[in-house]
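Data block below; observations after.
The values are calculated or read from the model by the stated rules, or taken from the named source; none is laboratory data. Computed from a predicted structure; not experimentally measured. Don't worry about glycine lacking a Cβ; one is built from the backbone with ideal geometry, like all the others, and counts go over all protein chains shown. Please note that ligands, DNA and RNA were not included when accessible areas were found on the heavy atoms of the full protein model with its side chains. Shrake-Rupley method; radii C 1.70, N 1.55, O 1.52, S 1.80 Å.
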Amino acid sequence: MGDLTFYTVTYNVATRSPRQPLDDLLQWNGRTEHQLPDFCLFGFQEIKAQPQNLLLDAVFDDSWTAALRDVLSGYNYVKIRTVKMVGLLLNVFCKRKHVSLLKEMQTSETRTGFLGLWGNKGAVSFSFKIYGATICCVNCHFAAHEEYLKHRINDYHTIIESQYFGSSKKTILNHDYVFWFGDLNFRLDNSKLKSAEEIAGQVNNINSSLRNATTLTDIWAQDELSSVMEKSKAFKGFFEHLPMFPPTYRYIFGSSSYDLKRRPAWTDRILYKTINPSNKKCVLEVLSYKFIESIQLSDHRPVYSEASVQICSDGHFNKVDQPVIFQPINTWQLETENEINLQIKEYIPWANDWIGVFKENYTSLDDYLSYVYLPLETIEREEESNDEYRRFDNMTSICRVKFLPEVFSDGSKRVCLKFSETLVLNPGSYRLIYFSSTNNSVLGVSNPFFATKQTCELNTSHEFGW
C-alpha cells in the first residue's frame with residue numbers, strides 16, 4: 001500500500017493571458033520536496049481561442065501551458081499530457097520519478113456547445129494507470145446563466161455517455177479514481193437571498209479569512225450543485241469537500257469586489273469519485289479545498305484542492321517491475337552508430353513502439369529531440385545465422401534490432417538496438433524513453449548518458465612518413 005497526492009486547480013481565465021508568474025497557483029509555501037504532490041492537474045476554461053491562437057497552439061505550447069512549465073520545472077515536474085479543445089485546456093504534470101510507471105494514457109473530449117458542434121462548452125479528459133490504479137481527470141465548462149440549470153445537468157450526462165478510453169472502451173465512471181473539475185456554472189436558487197446586492201452584502205459582512213460555506217450558511221443552502229447531487233440528478237456517486245472559500249464568481253476584473261451584474265455563486269468546483277466507496281482498497285481523502293484570492297486576472301477566482309489516494313501495487317510501492325530496462329549506456333559517440341541493450345520481460349516489442357531521445361532534465365513528454373520506431377523486421381535468436389548477422393549490420397533503417405540468446409534469471413531477454421549517427425547531433429546529457437504503441441504506455445526510461453564527439457589522435461609518424 002502507498003499514497004499518491006494530487007493537487008488540482010481549476011480556473012476560468014476569461015480569455016486573459018498569464019500576465020503574472022503563476023507561482024501563486026502553487027500553494028506550497030514551506031514544503032520540502034518530499035511533501036510536494038505527486039501529480040498536478042490544471043483545468044482552464046475560456047482560453048483565448050481565436051483562429052491564429054488555435055494554429056499556434058497546435059505547434060507550440062499555449063501561453064498558460066508555457067507559464068505552468070516555467071514554474072513547475074523548478075520543482076522537477078514533467079508535463080505528461082496537454083488536452084485542448086477550443087477554450088478548454090487540461091494539463092497534467094507528475095514528479096519525474098513516476099514517469100516510467102505511466103500506463104494506458106488516453107484522452108477524450110466532448111462538445112456540448114450549440115447543438116454539440118461548438119467546443120466552447122463541454123469537457124476534455126485524460127485517463128491513465130499508475131501503480132495498478134486507474135485515474136481519470138475531467139476538465140469541464142457547463143452551460144452558463146441562471147436559467148439554464150437543466151442544460152448543465154444535460155451537459156454532465158452527455159459527457160458521461162460519450163467519452164470512452166482505449167480499445168477496452170473504458171468509461172469515465174469505470175476508473176478507480178475520478179477527478180472532475182472546472183467551471184460547472186451551477187448558481188444559487190431563489191429560495192432566500194434574491195439580489196446580487198444581498199448576497200454580496202452577506203459575504204462582505206464576514207471577515208475575509210472566515211468566508212466559506214460554513215459561515216455563509218444561508219447562501220450555501222441555495223447552492224444548485226449540492227441540491228442536484230443530493231437528488232442524484234447528476235454526479236451520482238461523486239462527493240465534494242465543503243468549500244472553504246466564498247463564491248468565486250463574478251468579480252470585477254483586477255478587484256476583490258463582486259460585479260453586481262451577476263449574483264455571486266460557487267461556479268468553480270472540484271469533485272471526486274471512487275469506483276466503490278465501500279472498497280477499502282480505494283480510499284480518497286481530501287486534504288484541502290480553497291480559492292486563491294491573489295490571482296485577479298479574471299472575473300473568476302482559481303480554486304484548488306489537494307487529495308490523497310491509496311494505491312495498491314504488487315510488491316513494494318517504489319519497486320514496481322518494468323517491462324523494459326535500459327542497460328547502462330556508458331558512452332554515446334556522435335557522428336557514428338551507437339549500440340544499446342534492453343532487458344525485456346513479459347513483453348513482446350511491436351513494430352510501432354518507439355524510443356524518444358530527451359534531454360536529461362526534460363520537462364515534457366512532448367519534448368523529444370528525435371525518435372525512432374522499432375523496425376518491422378526483428379531477428380529471433382533461434383533463427384540467427386551468419387547471413388542474418390550481416391543483414392542486421394547492413395540494414396539501412398535508422399534503428400536496427402536483434403534478439404540475443406542471453407536470458408536473465410527472471411526470464412527476461414536481452415535485445416540489442418543499433419541507432420543511426422543522426423539520432424543525437426549535439427554534445428550533452430540525454431535520456432532514452434521507450435513508449436508502447438499498443439497501449440500508450442511508458443515502458444522504460446534510461447539513466448542519463450553523455451554524448452560526446454570522437455577524439456581522433458593525430459598519428460604524425462604515419463602522416464609525415466616518419
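Quick notes on this structure:
- Note on Lys359/Asn174: beta-carbon distance plugged into 1/(1 + (r/R0)^6) with R0 of 35 Å gives a FRET efficiency of 0.40.
- Solvent exposure of the chain, expressed per residue, is 47 Å² of accessible area, with all protein chains present and a 1.4 angstrom probe.
- Lysines whose Cα lies under 19 Å from that of Lys413, excluding same-chain neighbours fewer than 8 positions away: Lys345, Lys402
- The accessible area of Glu293, taken with all protein chains in place and a 1.4 Å probe, comes to roughly 60 Å².
- Short-range pairs are left out: with C-alpha atoms under 8 Å and at least six residues apart, the relative contact order of the chain is 15 percent.
- Computed packing ranks the peptides 139-146, 414-421 as 139-146, 414-421, most packed first, by mean other Cβ atoms within 10 Å.
- Label-to-label distance, nm, for residues given as Tyr373 and Ser409 (7 Å Cα→Cβ offset): 3.9
- Measuring between alpha carbons in the structure, the pairs from Lys169/Lys231; Lys192/Lys290; Lys169/Lys418; Lys129/Lys236 lying more than 27 angstrom apart are Lys169/Lys231; Lys169/Lys418.
- In this calculation the C-beta distance from Asn205 to Asn276 is compared with R0 = 45 Å, giving a FRET efficiency of 0.55.
- Ellipticity estimate at 222 nm from DSSP helix runs (n ≥ 4, -39,500 (n - 2.57)) divided over the chain, nearest 500: -4000 deg cm²/dmol
- Cα pair count fraction exceeding 43 Å, expressed as % - the chain: 25
- Atom-type composition of the exposed protein surface of segment 93-132 places 53 percent of the accessible area on carbon and sulfur (1.4 angstrom probe).
- Global geometry of segment 224-291, whether rounded, prolate or oblate, following the gyration tensor of its Cα atoms and the 1.5 cut on a/c: oblate
- Between Ser191 and Gln454, the contour length at 0.36 nm per residue exceeds the alpha carbon distance by 86.8 nm.
- Residue ranges 194-207, 90-103, 66-79, 36-49 sort as 36-49, 90-103, 66-79, 194-207 when ordered by packing (mean number of other C-beta atoms within 10 Å per residue, highest first).
- The simple Förster model, with R0 at 25 Å and r as the Cβ-Cβ distance, assigns Lys231 and Glu198 a FRET efficiency of 0.45.
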